Amino acid sequence: MAETVTARAANQHFSRLLREVAEGKSFVITHRGRPVARLVPELAPDAERLKPVQERALEESIAWALSLELPAAPAENEKLPSDWPRDRDDLYDEVLRERSGKR
């Protein structure tokens, strides 16, 4: 959670605030009791970054998705099949039926 600092205090202790932000701390700067700005780290702290194993899994998932051969989208003037699901729920149900082999 971000610590609250008045604009005056932020001005007087800016160097210290920058050091703390570099260490991962965040501040909300107020003026006359109202929040007006945030001072936050440029990069996420290590705890919020992906671990190497997570990065590899993400890269593999993206590579797999890019390797899929998907059918081409219908041409602008091409009509959709008459049994085409019209809304998201119908489409979702159709995908579930196909995956379970109950076409």
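No lab work stands behind these numbers, since they all come straight from the coordinates. Computed from a predicted structure; not experimentally measured.
Rounded to whole Hz and in sequence order, give me ³J(HN,Hα) for the stretch 60-67 from the Karplus expression 6.51 cos²θ - 1.76 cosθ + 1.60, θ = phi - 60°, writing x for Gly and Pro.
Along the stretch 60-67, the couplings run 5, 5, 5, 4, 4, 4, 6, 7 Hz.
Given H placed on each backbone N at 1.01 Å, which residues far from Ala37 in sequence or on other chains put an amide H within less than 5 Å of it?
Answer set, sorted by chain and number: Ile29.
Taking θ = phi - 60°, what integer Hz values does the Karplus form 6.51 cos²θ - 1.76 cosθ + 1.60 yield along the stretch 12-26, in sequence order, with x for Gly and Pro?
With coefficients 6.51, -1.76 and 1.60, one gets 6, 10, 4, 4, 5, 4, 4, 4, 5, 5, 4, 8, x, 7, 10 Hz.
Grab the Cα-Cα distance for Glu55 and Ala75, subtract it from 0.36 nm times how many residues apart they are, and report the gain in nm with one decimal.
3.5 nm
Stretch Glu3-Trp64 to full length: gain in nm at 0.36 nm per residue minus the Cα-Cα span?
17.7 nm
From Cα pairs below 8 angstrom and at least 6 apart in sequence, can you work out the relative contact order of the chain, rounded to a whole percent?
Over the chain, the number comes to 16 percent.
If I build a Gaussian network model for the chain, linking alpha-carbon pairs within less than 10 angstrom, which residue out of Ala63, Ala37, Ala73 has the largest mean-square fluctuation?
Largest GNM mean-square fluctuation: Ala73.
Among [x] -0.87, -1.10; [y] -0.96, -1.17; [z] -1.08, -1.22, which one is log10 I(q)/I(0) by the Debye sum over Cα atoms at q = 0.18, 0.22 Å⁻¹ computed from these coordinates?
Derived directly from the coordinates: [y].
In deg cm²/dmol, rounded to 500, what helix-only [θ] at 222 nm does the chain give when every DSSP H run of at least 4 residues adds -39500 (n - 2.57) and the total is split over its residues?
Here the helix-only value at 222 nm equals -13000 deg cm²/dmol.
So what's the angle, to the nearest 10 degrees on a 0 to 90 scale, between helix 88-100 and the longest Cα principal axis of the chain?
In the chain, helix 88-100 runs at an angle near 70 degrees to the longest axis.
Given H placed 1.01 Å from N in the peptide plane, which residues other than close sequence neighbours of Ser26 have an amide H under 5 Å from its amide H?
The answer is Glu3.
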